[in-house]
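Peer 1: I'd like to ask some things about the structure below.
The values are calculated or read from the model by the stated rules, or taken from the named source; none is laboratory data. As the structure is a prediction and not an experimental result, all values here were calculated from the model. Cβ sites come from the backbone with ideal geometry, for glycine too, and all protein chains shown count toward neighbours. When the accessible area is computed, the model is the full protein with side chains, heavy atoms only, and any ligands, DNA or RNA have been set aside. Shrake-Rupley method; radii C 1.70, N 1.55, O 1.52, S 1.80 Å.
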Amino acid sequence: MNTSKKISTCFVSALFEKYSNTESIVVVIDVLRATSVISIAFHYGVKEIIPVQSLEEAKNYKSKENFIVAAERNAMPVDGFDYGNSPFHYMNEKVQNKTLVLTTTNGTKALEIAKNHKTITASFVNFDAVVDYLILQNKDVILLCSGWKGFFNLEDSIFAGKLAEKLMNNAFQNSNDSTLAAIELFHSSEADLFSFLSNSSHRKRLKSLNMEEDTKFCLNPTFQSNIIPILKDGKLIKA
Ligand code: MLT
């Protein structure tokens, strides 16, 4: 009998162990901006992405041929690396067939937390492809919101609500109140997400750094990707 698959939503990565179940697929969400950047980099031809946890680890890759090494801390690019975490850095042919090493404040940490599960990344760039993939996989799903330094954030939670509602319209069933809360947040924001986030911490942080265009693009990308980045042996590859 095909029992309905369940959806759980984890708002902050510190709580992930309460949701952890290695039979589930984990969807890592960091729409501002790590998982958006991951989707865009693959869309523009990156071969694979190695998420790393420290700047020191990232530096070890800098001399390797056909590697791009990118680092972001506190939303700012880190000096001495090829790129930061702006989606616009990756929209060029220079990334084609390269291996991207990426370390960010939140998104790559969430990938590390989820590494013992079947894990994919999602953003507004590959939303439709993620929905189709999860329906086909027919497994329980844990939506892992990266948040900000261990705290809840609105944008990842709203994205989780949008994804959860779509899955529940396709025979998935909710299994916790955080999913219901995420869906309500999505309903409250869907008319104009950018404006809804006007007072959110990360939109204000990015605005203060003159990165509003990054926010606008990641929330409403001008193209869609059908690529599902999946974690395998410590690397993100195309599913
Ligand atoms: C990240 O993407 O990990 C962080 O949320 C910060 C950012 O790049 O804006």
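Peer 1: Can we say Lys162 is farther than 13 Å from Ile25 by Cα, free of Cβ contacts under 8 Å to residues at least 40 places away in the same chain, in a helix (DSSP H, G or I) and in contact with an Asp or Glu (Cβ under 8 Å, 6 or more places away or on another chain)?
Peer 2: The answer is yes for Lys162.
Peer 1: Does Gly107 fit the bill of being open to solvent by less than 10 Å² (accessible area, probe 1.4 Å) and modelled with pLDDT of 95 or more?
Peer 2: Yes; evaluated as a whole, the condition is true for this residue.
Peer 1: Which one of these is within 25 Å of Val52 (Cβ to Cβ), open to solvent by 50 Å² or more (accessible area, probe 1.4 Å) and in a helix (DSSP H, G or I): Glu155, Glu112, Glu184?
Peer 2: Glu112
Peer 1: For the range 171-184, give me each residue that is modelled with pLDDT under 95 and on the phi < 0 side of the Ramachandran plot.
Peer 2: Asn174, Ser175, Asn176
Peer 1: Of the conditions (1) more than 21 Å from Thr108 (Cα to Cα); (2) within 12 Å of the ligand (Cβ to nearest atom); (3) among the acidic types (Asp, Glu), Glu190 fails just one. Which one is it?
Peer 2: Looking at each condition in turn, Glu190 falls short on (2).
Peer 1: Now, a different point. For the range 43-53, what are the residues that are crowded, with 21+ Cβ neighbours inside 10 Å and over 20 Å from Lys109 (Cβ atoms)?
Peer 2: Val46
Peer 1: A further question follows. Tell me, which residue of the range 55-80 that is within 18 Å of the chain's Cα centre (by Cα) and small (Gly, Ala, Ser) is surrounded by the fewest Cβ atoms within 10 Å (Cβ to Cβ)?
Peer 2: Ala75
Yes/no per residue for (1) touching a Pro at 6+ places or on another chain (Cβ under 8 Å); (2) within 23 Å of Thr9 (Cα to Cα):
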position: Val31; (1), (2): no, yes
position: Ile38; (1), (2): yes, yes
position: Pro51; (1), (2): no, yes
position: Glu57; (1), (2): no, no
position: Ala75; (1), (2): no, no
position: Gly107; (1), (2): yes, yes
position: Ile113; (1), (2): no, yes
position: His117; (1), (2): no, yes
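Peer 1: Taking Lys204 and the conditions (1) within 25 Å of Asn74 (Cα to Cα); (2) touching a helix residue (DSSP H, G or I) at 6+ places or on another chain (Cβ under 8 Å); (3) not in a strand (DSSP E or B), which numbered condition does it fall short on, given that it satisfies the others?
Peer 2: (2)
Peer 1: Go over the candidates Val125, Val46 one by one and state the one that is at pLDDT 95 or above and either within 10 Å of the ligand (Cβ to nearest atom) or closer than 19 Å to Gly234 by Cα (or both).
Peer 2: Among Val125, Val46, only Val46 is at pLDDT 95 or above and either within 10 Å of the ligand (Cβ to nearest atom) or closer than 19 Å to Gly234 by Cα (or both).
Peer 1: Within the group Ile135, Ile142, which residue is among the aliphatic types (A, V, I, L, M) and part of a helix (DSSP H, G or I)?
Peer 2: Ile135
Peer 1: Any residue at all in the range 85-102 that is farther than 20 Å from Asn226 by Cα, in a loop (DSSP other than H, G, I, E, B) and without any contact (Cβ under 8 Å) to a residue 60 or more places away in the chain?
Peer 2: yes
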